[in-house]
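Worksheet: the structure to be examined is printed underneath.
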Amino acid sequence: MNIKRICCIGAGYVGGPTMTVIAQKCPHIKLTVVDINESRIAAWNSKDLNKLPIFEPGLDKIVEEVRGRNLFFSTDIDEAINEADMIFISVNTPTKNYGKGKGMASDLKYIELCARQIAKVSRQNKIVVEKSTLPVRTASAIKSILDNTGNGVHFQILSNPEFLAEGTAIQDLLKPDRVLIGGDASTKEGEVAIQALIDVYLNWVPKEQILTTNVWSSELSKLTANAFLAQRVSSINAMSEICEKTGADIREVSKAIGMDSRIGSKFLNASVGFGGSCFQKDILNLVYIAKSYGLNEVADYWEQVVIMNEHQKKRFSDNIVSTLYNTVSGKKITFLGWAFKKNTNDTRESAAIRVADDLLNERAEISVYDPKVTEERIYEDLNYLGTRSSIENKRLLTINKDPYRACKNSHAIAILTEWDEFKNYDWKNIYKNMEKPAFVFDGRGLLNKEELEIIGFIYYNIGTGN
Ligand code: UDX
Ligand code: ADP
């Protein structure tokens, strides 16, 4: 089966970049990305490429090349569904914040809405591909909604989890380690659907890197990959606390163990704690699944990865308070970075949010500079916590578009995101304009301690404690 038209529901961090790359590599396929969020679609269609809703290195250039050629962004969801042979579901699946499974299970209401809409408007057979991270066996729920439309249309459901990491999404999409496709190969129609998706990827991915499994293995593989990666970060963060107490240096420990070929060097940077839309959500989801099967030891084992991460964030803010003579009340503290990692404007689950909340509870005054995150986003993140009124948040936390001004007269700087540009600042100048003694806290091993010491900074790295 030759795919000619693809529709992607959800123009977010996954759907947008993924469809852009498919469009570039498959000029013979027309792709339409749809979303219920009108302003997001307008931003994707914006002439000024700096206004795209997502910042991702290399994305703007490819959008410029393919938008209007074979890639379209639209709010006409029904039409895009109806004309497509293949539909990707790329909507968000946040952790449920109500009812059964609250705080643990994935909220599937957006997925279900999509399935119902596909069922309602489809007039011909279609292949539906789940791209969002979903709990194991979601495909069966989607299938049962789609199979009960009563209008004689047949759907094949595939799972094709996304392994791209934000900040490197374009590279990850162009050169994926592997592409995973889960489907039902036991039926002829299932086999045809799997092959149709394989053929899309074969336009640029070598066939040895395309892996097929059953749907459940594919869904669980995504959760497992994220759980393993997050576990590495929590493991190294746990060791960083031991390093602080014993005088060992976590960077040296990371390097030493990373050279063991059985362990490998990636994902061993001690940090303020992992963030992002996937790690915490996917692990909580795994914990919920384990609990629902009565596997309590398995659930506890994975939950500890998240507990450790919360502890690391709290430790970071506690460290700031205790270093500043046990009080930050009325003191200006500057945050360099708000995004959950560099090279993205995404702030979901960013450690900065939690650290800011803790320090505001201690009555600190916070000034934030991030090169890509918008002012509205920062206030939304804080207001969402519900700890303080939005007026109070606005009074206590200010946002500055100039990093030097953000740092002026502050008692301490906390580097919450490892943006490369921070390394090139005129740190002597920054130091000159700070209250003394001035401190800089770094959770990601970013700045060179010796350099900062030369200009008289008292430097704290949560990974080394010195
Ligand atoms: C992750 C997975 O990598 C990706 O495959 C999946 O599809 C989605 O979730 P992402 O959340 O974009 O991607 O970023 P990732 O690079 O994995 O980083 C997650 C968090 O861990 C970030 O906050 C990062 O700063 C932190 N991290 C990462 C560390 O603290 N230390 C490290 O050594 C590596
Ligand atoms: P991700 O990181 O998974 O891509 P995002 O939140 O960035 O998550 O993107 C998900 C997008 O899906 C959002 O822009 C949201 O508006 C969109 N969305 C959610 N539900 C629907 C729906 N039923 N129909 C169309 N778009 C939807």
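The values are calculated or read from the model by the stated rules, or taken from the named source; none is laboratory data. Everything quoted here is computed from the prediction, not taken from an experiment. When we count neighbours, we look across all protein chains shown, and the Cβ atoms used for this are built from the backbone with ideal geometry, even at glycine. Note: accessible area is taken over every heavy atom of the protein model, side chains too, but ligands, DNA and RNA are not part of it. Shrake-Rupley method; radii C 1.70, N 1.55, O 1.52, S 1.80 Å.
How many of the residues making up the stretch 236-246 are free of Cβ contacts under 8 Å to residues at least 60 places away in the same chain and surrounded by fewer than 20 Cβ atoms within 10 Å (Cβ to Cβ)? Before the answer, list the steps.
Initial filter on the stretch 236-246 (free of Cβ contacts under 8 Å to residues at least 60 places away in the same chain): 236, 239, 242, 246.
Filter once more, so that each one left must be surrounded by fewer than 20 Cβ atoms within 10 Å (Cβ to Cβ): 239, 242, 246.
Counting residues in the stretch 236-246 that are free of Cβ contacts under 8 Å to residues at least 60 places away in the same chain and surrounded by fewer than 20 Cβ atoms within 10 Å (Cβ to Cβ) gives 3.
For A115, indicate whether it is buried (at least 19 other Cβ atoms within 10 Å of the Cβ), touching a residue at least 12 places away in the same chain (Cβ under 8 Å), within 27 Å of the chain's Cα centre (by Cα) and over 30 Å from V63 (Cβ atoms). So that I can check it myself, show each step before the final result.
Details: buried (at least 19 other Cβ atoms within 10 Å of the Cβ): yes; touching a residue at least 12 places away in the same chain (Cβ under 8 Å): yes; within 27 Å of the chain's Cα centre (by Cα): yes; over 30 Å from V63 (Cβ atoms): no.
No.
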Inset, instruction - Look through the stretch 44-63, keep the residues that are out of contact with any helix residue (DSSP H, G or I) (no Cβ under 7 Å at 6 or more places or on another chain) and of a type in the set (D, E, K, R), and return whichever of them is least open to solvent (accessible area, probe 1.4 Å). - result: D48
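Answer with yes or no whether L446 is within 21 Å of T374 (Cβ to Cβ), under 31 Å from the mean Cα position of the chain (by Cα), hydrophobic (A, V, I, L, M, F, W, C) and surrounded by 13 or more Cβ atoms within 10 Å (Cβ to Cβ).
On the way: within 21 Å of T374 (Cβ to Cβ): no; under 31 Å from the mean Cα position of the chain (by Cα): yes; hydrophobic (A, V, I, L, M, F, W, C): yes; surrounded by 13 or more Cβ atoms within 10 Å (Cβ to Cβ): yes.
Here the answer is no, as L446 does not meet what is asked.
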Inset, instruction - Taking V129 as the residue in question, decide whether it is at pLDDT below 90 and either more than 23 Å from F279 (Cβ to Cβ) or open to solvent by less than 60 Å² (accessible area, probe 1.4 Å) (or both). - result: no
Legend entry - Restricting the stretch 259-277 to residues that are open to solvent by 20 Å² or more (accessible area, probe 1.4 Å) and modelled with pLDDT under 95, the residue that is nearest to ligand 1 (Cβ to nearest atom): N269
Legend entry - Flag if I283 is among the β-branched types (V, I, T), under 29 Å from K222 (Cβ atoms) and open to solvent by 70 Å² or more (accessible area, probe 1.4 Å): no
Legend entry - Where a residue in the stretch 144-162 is farther than 18 Å from G190 by Cα and its partner, wherever it lies, is in a loop (DSSP other than H, G, I, E, B) and open to solvent by less than 60 Å² (accessible area, probe 1.4 Å), with Cβ under 7 Å and at least six apart: E162/V14; E162/K131
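Conditions tested, residue by residue: (1) near ligand 2 (Cβ under 10 Å from one of its atoms); (2) out of contact with any strand residue (DSSP E or B) (no Cβ under 8 Å at 6 or more places or on another chain); (3) open to solvent by 10 Å² or more (accessible area, probe 1.4 Å).
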site	(1), (2), (3)
C8	yes, no, no
E65	no, yes, yes
T75	yes, no, yes
M86	no, no, no
T95	no, no, yes
Inset, instruction - All but one of (1) closer than 22 Å to K222 by Cβ; (2) in contact with an Asp or Glu (Cβ under 7 Å, 6 or more places away or on another chain) hold for V306, so report the exception by its number. - result: (2)
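I'm checking my understanding of the structure. Among residues of the stretch 183-214 that are free of Cβ contacts under 8 Å to residues at least 60 places away in the same chain and within 18 Å of I6 (Cβ to Cβ), which one is surrounded by the most Cβ atoms within 10 Å (Cβ to Cβ)?
Start the filter on the stretch 183-214 by keeping residues that are free of Cβ contacts under 8 Å to residues at least 60 places away in the same chain, which leaves 183-191, 194, 198, 201-202, 205-214.
Now restrict to residues that are within 18 Å of I6 (Cβ to Cβ): 183, 194, 198, 201-202, 205, 210.
Values: G183: 29, I194: 21, I198: 16, Y201: 19, L202: 15, V205: 18, I210: 18.
Here the answer is G183.
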Legend entry - Residue ID - most open to solvent (accessible area, probe 1.4 Å), chosen from residues in the stretch 23-43 that are away from ligand 2 (no atom under 16 Å from the Cβ) and within 11 Å of C7 (Cα to Cα): K30
Legend entry - Any hit, the stretch 357-364, residues being open to solvent by less than 20 Å² (accessible area, probe 1.4 Å), within 20 Å of A438 (Cβ to Cβ) and either touching a Gly at 6+ places or on another chain (Cβ under 7 Å) or touching a residue at least 24 places away in the same chain (Cβ under 8 Å) (or both): yes
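Among K281, K331, K245, which is modelled with pLDDT of 95 or more, of a type in the set (D, E, K, R) and out of contact with any Phe, Trp or Tyr (no Cβ under 9 Å at 6 or more places or on another chain)?
Details: K281 fails: modelled with pLDDT of 95 or more; K245 fails: modelled with pLDDT of 95 or more.
On inspection, the qualifying residue turns out to be K331.
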Legend entry - Matching option when the condition is at pLDDT below 95, touching a helix residue (DSSP H, G or I) at 6+ places or on another chain (Cβ under 9 Å) and either away from ligand 1 (no atom under 15 Å from the Cβ) or under 25 Å from K175 (Cα atoms) (or both), among V233, V215, V200: V215
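Scanning for something open to solvent by less than 10 Å² (accessible area, probe 1.4 Å), on the phi > 0 side of the Ramachandran plot and among the small types (G, A, S), does the stretch 337-355 turn up at least one residue? Spell out how you get there, then give the answer.
First pass over the stretch 337-355, keeping only residues open to solvent by less than 10 Å² (accessible area, probe 1.4 Å): 337-339, 344, 346-347, 350-352, 355.
Those left that are additionally on the phi > 0 side of the Ramachandran plot: 337.
Right, trim to among the small types (G, A, S) and you get 337.
Yes.
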Inset, instruction - Restrict the check to the stretch 397-419 and report whether at least one residue is under 27 Å from E349 (Cβ atoms), within 16 Å of ligand 1 (Cβ to nearest atom) and either in contact with a Pro (Cβ under 7 Å, 6 or more places away or on another chain) or open to solvent by 10 Å² or more (accessible area, probe 1.4 Å) (or both). - result: yes
Legend entry - Test: residue in the stretch 25-42 that is more than 25 Å from S159 (Cβ to Cβ), among the hydrophobic types (A, V, I, L, M, F, W, C) and within 23 Å of the chain's Cα centre (by Cα): yes
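Taking the residues in the stretch 152-167 that are more than 16 Å from ligand 1 (Cβ to nearest atom) and surrounded by fewer than 19 Cβ atoms within 10 Å (Cβ to Cβ) as candidates, determine which candidate is farthest from the chain's Cα centre (by Cα).
Residues of the stretch 152-167 more than 16 Å from ligand 1 (Cβ to nearest atom): 152-158.
Next, from what is left, pick out any that are surrounded by fewer than 19 Cβ atoms within 10 Å (Cβ to Cβ): 152-154.
Numbers: G152: 38, V153: 35, H154: 34 Å.
Per the stated criteria, the residue is G152.
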